[in-house]
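Notes to accompany the following structure.
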Amino acid sequence: MALPGNPYDGHTLGTVIPAMEDTIGAEIEGILADAGCRGHNAPQNHRFRVFTAGQKRRVTPAIQRQMRPRSAVEPVIGHIKSEHRMGRNYLAHAKGDAINAILAAAGYNFSLLLRWPKAFCGW
């Protein structure tokens, strides 16, 4: 979901969480987020279900295990910003923001598909 403008990450939870619940058709049990979110603007029934990186309180060993794969996402985001033109958006307006995100994700997936035959055939 592309949000128009340049909203602060932590203040987008109020709009993103209900949209995610509508999409999946179930209530979200827990949210693993980066330190910028910290539960700002989260709906009242999700306020204590937002777990952030570096959080010490209310974090069980099971939640810590779930946070580990999240650290693998950050390098991918940096790669997409530098190699797939997500650093700057050259398309205009809110629709341009959404189109730019979709095209960058498609380009990243296409580059993964091009690398797959090389690894499979040993070229």
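Extending 7 Å from Cα along the Cβ direction at Trp116 and again at Val16 yields two label points whose distance is 2.8 nm. Which value in deg cm²/dmol, rounded to the nearest 500, describes the helix-derived mean residue ellipticity at 222 nm for the chain, given -39,500 (n - 2.57) per DSSP H run of n ≥ 4 and division by the residue count? That comes out to -15500 deg cm²/dmol. Principal semi-axes of the equivalent ellipsoid, √(5λ) from the alpha carbon gyration tensor of the range 7-72, are 19, 14, 11 Å from largest down. The slack between Val73 and Ala92, meaning 0.36 nm per residue of separation minus the straight C-alpha distance, is 4.1 nm. Cross-link partners for Lys81 among the aspartates and glutamates, with Cα-Cα distance under 16 Å and sequence neighbours closer than 8 places in the same chain left out: Asp97.
A full extension of the chain between Ser82 and Ile99 corresponds to an added length of 4.4 nm, given 0.36 nm per residue minus the alpha carbon distance.
Looking at the chain, the pairs of alpha carbons with a distance over 16 Å make up 72% of the total. Other residues with beta-carbon under 13 Å from the beta-carbon of Met20 carry, at +1 per Lys or Arg and -1 per Asp or Glu, a net charge of -3. Cβ crowding within 10 Å ranks Tyr108, Tyr8 as Tyr8, Tyr108, fewest other Cβ atoms first.
Springs between Cα atoms under 10 Å define the GNM used for the chain, and in it the highest mean-square fluctuation of Glu74, Glu29, Glu83 occurs at Glu29. How high is the FRET efficiency between Asn45 and Thr23 when r is their beta carbon distance and R₀ equals 22 Å, given to the nearest 0.05? Approximately 0.80, to the nearest 0.05.
Bear in mind that the values in this text are calculations on the coordinates, not laboratory data. A quick note: this is a predicted structure, and the numbers were derived from the prediction, not measured. When we count neighbours, we look across all protein chains shown, and the Cβ atoms used for this are built from the backbone with ideal geometry, even at glycine.
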